[in-house]
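Structure first, then comments.
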Amino acid sequence: MRAERRRGLFRAFRKQRELRCIVDRSAKIRPRDILLFSTLRNEQLRLPYFLEYYRDLGVNHFFFVDNGSDDGSGEYLTAQSDCSVWHTTASYKKSRFGVDWLNGLQGRYAHGHWTLVVDPDEFFIYPFCDTRPLNALTDWLDASSIRSFSAMLLDMYPKGPLVAQPYRPGQNPLDIASWFDSGNYTVQRNWKYGNLWIQGGPRTRVFFADRPHMAPALNKIPLVRWDRSYAYISSTHMLLPRGLNLVFDEWGGEKASGILLHTKFLNTFGEKAEEELARGQHYGGSREYKAYHAQMKADPELWCKWSEKYINWRQLEILGLMSKGNWA
């Protein structure tokens, strides 16, 4: 494990030469600031609400790697006073799907800070997020000597065809994609790394119904008090040292956990899936995007009679999808 972590850190160091700094505003960062890191490509439509959401939540500074956007994403982010931006046209796949780029930036800028690593279509929620800012959670985690915080990825979708409700810049995507699967999730333990492996939801039900074991993983550890010796290994599914993956209780009870509301399934999804399939830069020979592309021809509706409409975090806790643990 130690050798694997060192290899990950060396890869991150080496891959930094692929990044060109557009604007570095990290000098503004204060010791207790919460930082967010993200890799993106052609997400300008989503960025206004994404930034608004995380600013309101309590994020103080954003670090973005723009992987060859041509829709104005880089220019938009460069104009934001709380964003630092790097650009690259290098292979997303060969950087371990952006992990190497972000590990390097986190090692350089995030040491000692609580950091969120999320995509532009992911919205982090946690117990009491409607009344307590993010630093209330991180203060409690510090007081409890907890260094990492898990959040299951919950795929959100609209009722009706995906193309029926166009998404507008600045709009809350949950106004459209407000439904989710409350069940049909499987959980296994990864004995090598110590994390849980979760699959299920609408992507398994619709896109991988004939091969559920190939469906995307939904387990993530997006919030970590970062140390320059840490390294994500596979997206935010797991990281090293191994102890950071132990975000669940083995002897009864429940540790506090959150949810990443995943708003991939908007009217833009079909075009995005086609673009990413053509690029061939995703995991497993882009098998996920091949499945999307095949099903999108039939214009599938993800909503079904068992779908639940999202209300708030308390609803998700009642359903057993997240927990406040002993944070009261």
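The values are calculated or read from the model by the stated rules, or taken from the named source; none is laboratory data. This structure is a prediction, so every number in the text was calculated from the model and none was measured. A quick note on method: Cβ atoms are made from the backbone with ideal geometry, for glycine too, and the neighbour counts reach across all protein chains shown. Side chains are part of the model used for accessible areas, which takes the heavy atoms of the whole protein and leaves out ligands, DNA and RNA. Shrake-Rupley method; radii C 1.70, N 1.55, O 1.52, S 1.80 Å.
Numbers below:
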| item | result |
| --- | --- |
| Listed residues Phe128, Gly104, Leu116: farthest to the positive end of the dipole of the stretch 95-154 (Cβ charges) | Gly104 |
| All aspartates and glutamates inside 20 Å of Lys255 as judged from Cα atoms, apart from same-chain residues fewer than 8 positions distant | Asp130, Asp139, Asp142, Glu317 |
| Qualifying trypsin sites (Lys or Arg not before Pro) for the stretch 109-192 [loop in DSSP, other Cβ within 10 Å: at most 12] | Lys192 |
| About the Cα centre, charge dipole magnitude for the stretch 151-268 (Lys/Arg +1, Asp/Glu -1 at Cβ), debye | 280 debye |
| At R0 = 45 Å, FRET efficiency that the Cβ-Cβ distance of Asp71 and Arg6 yields, to 0.05 | 0.75 |
| Cα centroid separation, the stretch 219-245 to the stretch 138-163 (Å) | 15 Å |
| Simple spin-label estimate for Asp210 and Lys290 in nanometres, 7 Å along Cα-Cβ | 1.2 nm |
| Zone of Thr89's modelled label, taken as backbone nitrogen in the stretch 8-35 under 13 Å from a point 7 Å along Cα→Cβ | 20 |
| Exposure of Met214 as accessible area (Å², to 10), given a probe of 1.4 Å and all protein chains | 50 Å² |
| Cβ charges +1 (Lys, Arg) and -1 (Asp, Glu), total dipole of the stretch 1-136, debye | 1040 debye |
| Efficiency of FRET from Cβ geometry, Arg32 and Asn184, R₀ 30 Å, rounded to 0.05 | 0.15 |
| With at most 12 neighbouring Cβ atoms within 10 Å, loop chymotrypsin sites (Phe, Trp or Tyr not before Pro) (DSSP) excluded, longest segment of the chain | 1-190 |
| Descending Cα extents along the principal axes, the chain, whole Å | 49, 48, 39 |
| The chain - charge dipole about Cα centre, Lys and Arg +1 at Cβ, Asp and Glu -1, debye rounded to 20 | 1300 debye |
| Selected from Trp191, Met214, Trp226, residue furthest toward positive end of dipole (the stretch 116-246; charges at beta carbon) | Trp191 |
| Under 12 Å from Lys324, Cα to Cα: aspartates and glutamates that are on another chain or at least 8 residues apart | Glu254 |
| Heavy-atom surface of the chain, accessible at 1.4 Å and reported per residue (Å²) | 44 Å² |
| Mean Cα-pair separation over length for the stretch 206-255, i.e. relative contact order, pairs under 8 Å, 6 or more apart, % | 23 percent |
